[in-house]
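Notes for the one structure printed next.
The values are calculated or read from the model by the stated rules, or taken from the named source; none is laboratory data. Every value quoted in this text rests on a predicted model; they were computed, and no experiment measured them. Cβ sites come from the backbone with ideal geometry, for glycine too, and all protein chains shown count toward neighbours. Just the protein is used for accessible areas: all its heavy atoms, side chains included, with ligands, DNA and RNA removed. Shrake-Rupley method; radii C 1.70, N 1.55, O 1.52, S 1.80 Å.
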Amino acid sequence: MSLTEQEFRLQADHALESLQRSLMPLADTGDFEVELQNGVLQVVFEDPPSKFVVSPNAPVRQIWVSAMSRSYKLAWSPDAAAFALDGETLDALVSRLARLQMSQ
């Protein structure tokens, strides 16, 4: 089942807000900031300098993550009730990548 554009926008907004909340405890212990503005979430690392960008792509109903020189395209998974890629949800993916980035 594919989402309508309005459903997608609502779910994407909810997903980014949820991701921001889930990253906050990690950001408090790590050396990065989480910023959500204009519908785009950025994770900005101090050392080594790096930035993750998480943004909705409404025409294809996906959330795109640009992180660690790679691009991840997550589609809505009705089973998980979340945006996911190969079974990994948005929160899990970005948290895993943030931990990887901090360990460098």
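Structure notes:
- You will find that of Ala27, Ala84, Ala75, Ala80, the residue that is touching a strand residue (DSSP E or B) at 6+ places or on another chain (Cβ under 9 Å), modelled with pLDDT under 95 and under 17 Å from Leu3 (Cα atoms) is Ala80 and no other.
- Note on segment 56-104: residues that are surrounded by fewer than 19 Cβ atoms within 10 Å (Cβ to Cβ) and of a type in the set (A, V, I, L, M, F, W, C) amount to 12.
- Number of positions in segment 14-35 that are under 20 Å from Ala75 (Cα atoms) and without any contact (Cβ under 8 Å) to a residue 40 or more places away in the chain: 3
- Output for segment 2-42, where each listed residue is of a type in the set (S, T, N, Q) and either open to solvent by 80 Å² or more (accessible area, probe 1.4 Å) or touching an Asp or Glu at 6+ places or on another chain (Cβ under 6 Å) (or both): Ser2, Gln6, Ser22, Thr29, Gln37, Asn38, Gln42
- Which numbered condition Asp47 fails, given (1) more than 17 Å from Ala15 (Cβ to Cβ); (2) open to solvent by less than 30 Å² (accessible area, probe 1.4 Å): (2)
- Close pairs from segment 76-104: first closer than 24 Å to Pro48 by Cβ and among the hydrophobic types (A, V, I, L, M, F, W, C), partner open to solvent by less than 50 Å² (accessible area, probe 1.4 Å) and in a helix (DSSP H, G or I), Cβ under 7 Å, at least 6 apart: Leu90/Ala15; Leu90/Leu19; Val94/Leu19; Val94/Leu23; Ala98/Leu23; Ala98/Leu26
- Within segment 1-60, the set of residues being among the aromatic types (Phe, Trp, Tyr) and more than 13 Å from Leu90 (Cβ to Cβ) comprises Phe8, Phe32, Phe45.
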